[in-house]
1. Looking for whichever is touching a strand residue (DSSP E or B) at 6+ places or on another chain (Cβ under 9 Å) and either at positive phi or part of a loop (DSSP other than H, G, I, E, B) (or both) here; the options are GLY25, GLY40, GLY60. Which one fits?
2. Scan region 82-99 for residues that are aliphatic (A, V, I, L, M) and either within 16 Å of GLY12 (Cα to Cα) or surrounded by 15 or more Cβ atoms within 10 Å (Cβ to Cβ) (or both) and report the count.
3. Find all pairs meeting these conditions: Cβ atoms under 7 angstrom apart; at least six residues apart or on different chains; first residue within region 26-54 and within 18 Å of ARG5 (Cα to Cα); second residue exposed (fewer than 12 other Cβ atoms within 10 Å of the Cβ) and charged (D, E, K, R).
4. Condition (residue is within 27 Å of PRO73 (Cβ to Cβ), at pLDDT 95 or above and loosely packed, with under 14 Cβ neighbours inside 10 Å) applied to region 17-24: is it met by at least one residue?
5. Would you tally the residues in region 63-92 being under 13 Å from LEU19 (Cβ atoms) and either in a helix (DSSP H, G or I) or free of Cβ contacts under 8 Å to residues at least 40 places away in the same chain (or both)?
6. Considering only region 58-81, state which residues are surrounded by 10 or more Cβ atoms within 10 Å (Cβ to Cβ) and aliphatic (A, V, I, L, M).
7. Of the residues SER27, SER101, SER8, which is of a type in the set (Ser, Thr, Tyr), modelled with pLDDT of 90 or more and more than 13 Å from the chain's Cα centre (by Cα)?
8. Just to be sure before I move on: is ALA63 under 27 Å from ASP99 (Cβ atoms) and among the hydrophobic types (A, V, I, L, M, F, W, C) in the structure I sent?
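The values are calculated or read from the model by the stated rules, or taken from the named source; none is laboratory data. Bear in mind the structure is a predicted one, so any value in this text is a computation, not a measurement. Reconstructed Cβ throughout: ideal geometry from the backbone, glycine too, with neighbour counts over all protein chains shown.
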Amino acid sequence: MAADRRASWLKGVLDLLVLASLTEGESYGYEIAKNLAESGLGQIKGGTLYPVLNRLEEAGLVAAEFRAAERGPGRRYYRLTAGGRATLAEQGALWLAFDASVRSVLERGDVR
């Protein structure tokens, strides 16, 4: 039996999913991971998510701001930049076209 490939599939699209998760407003790492998990993508560990967030910030696609909390540790909040929205629109459209091509081939192979 072949290994479960979902982790490698997720790795290829996680940047895009993180950008999409920020379209409704700013959020912090744990909340982003929780929302993605609730969408059926499984648990995304901090060791996977935070390098993505750092890479997106360095690329200017998200902006981050650290905020102290009344109780507990502070949090780093992330929000989409204009560049992030443009990248999401462009790359999201490319991903959806790719998804349609994959579905077409799989359906011809009688995978449902």
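1. GLY25
2. Number of matching residues: 5.
3. Correct list of pairs: GLY42/ARG6.
4. yes
5. Total satisfying the criteria: 13.
6. ALA59, LEU61, VAL62, ALA63, ALA64, LEU80
7. Within the list SER27, SER101, SER8, the selection yields SER101.
8. no
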